[in-house]
Every structure is written in structure tokens, then in C-alpha cells.
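Derivation of every value follows stated rules applied to the coordinates shown; laboratory data play no part. The model shown is predicted, which means the values in this text are computed figures rather than measured ones. In this analysis, Cβ positions are derived from the backbone assuming ideal geometry, glycine residues included, and neighbour counts consider all displayed protein chains.
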Amino acid sequence: MDAQELARWTRFATKGGIGACTADEDCVALNVGDLMFLKGDTITVLMQLPEQGVFLGYCEGVVGRFQSAHVTFHGKLKKPVIAKRGS
């Protein structure tokens, strides 16, 4: 992920993303792009990825993938809205 894309996801996370969840257990990042978090951490959900049960999230200033099996969602996730910027 380049710096510009990271900045865009970080801005979206500060606005609440599409929802939030709490980590049920510690999760170590095993691959590049995975999100690491500790039990009790709040994760801002940015988007659902094509793989079943995998999401992109933001926690402690880091953006990465995580499995839904390791978290409890705080309610129903919002549907993402794609906005086009004017030229």
C-alpha cells in the first residue's frame, strides 16, 4: 500500500469507516498486509474483502486485513458509498 492510499484509508477510519468491532483475542500478523491487534482493541472496519470473512481494518494507526472470527462487531456494518471527485 502506497503512502497516498494509506492516507486515504486513515482519513476514512477517522470518520468511522463502515463500522467497528472489538478484538476477542490477540492476533499476530502472519503475512504482509495483516492487521495485528490485542484482545480488547477496537478496530475500525474499512471494507469487506472478497475472501469470505476477511475485512480491511484500522487499529492503532495501522491498516491491514483481519478475520471476522477473531472479533465481535458492534452492530450492522454500513454499506460503503463510493463518491466520485470532480475533476
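If you line up the long axis of helix 3-14 against the longest principal axis of the chain, both from Cα atoms, how many degrees apart are they, to the nearest 10? Helix 3-14 and the main axis of the chain meet at about 70 degrees. The calculated 222 nm mean residue ellipticity attributable to helices in the chain amounts to -4500 deg cm²/dmol, summing -39500 (n - 2.57) over DSSP H runs of n ≥ 4 and dividing by all residues.
The residues packed around residue 19, meaning those with a beta-carbon under 10 Å from its beta-carbon, carry a net charge of +2 if Lys and Arg are +1 and Asp and Glu are -1.
Are there any GluC sites (Glu not before Pro) in the chain that are in a DSSP loop and have at most 11 other Cβ atoms within 10 Å? List them by number.
Hits after loop and neighbour filter: 25, 51, 60.
Taking Cβ atoms as reference points and 12 Å as the exclusive limit, the residues near residue 63 contribute a net charge of -1, counting Lys and Arg as +1 and Asp and Glu as -1. Around the Cα centre of the chain, unit charges on the Cβ atoms of Lys, Arg, Asp and Glu (plus for the first two, minus for the last two) sum to a dipole of about 680 debye.
For the chain, what proportion of DSSP beta bridges, expressed in % and rounded to the nearest 5, is antiparallel?
Restricted to the chain, the bridges split so that about 95 percent are antiparallel.
Could you tell me what fraction of 2.2 N^0.38 Å the Cα radius of gyration of the chain comes to, as a two-decimal ratio?
On the way: Rg = 12.8 Å, N = 87, 2.2 N^0.38 = 12.0 Å.
The value comes to 1.06.
Compute the longest continuous run of the chain that contains no exposed trypsin sites (Lys or Arg not before Pro); treat a site as exposed when its DSSP state is not H, G, I, E or B and it has at most 13 other Cβ atoms within 10 Å. Don't skip to the end; give the middle numbers.
Numbers: sites that count: 15, 39, 76, 78, 84, 85.
Counting at most 13 other Cβ atoms within 10 Å as exposed, the longest clean stretch of the chain is 40-75.
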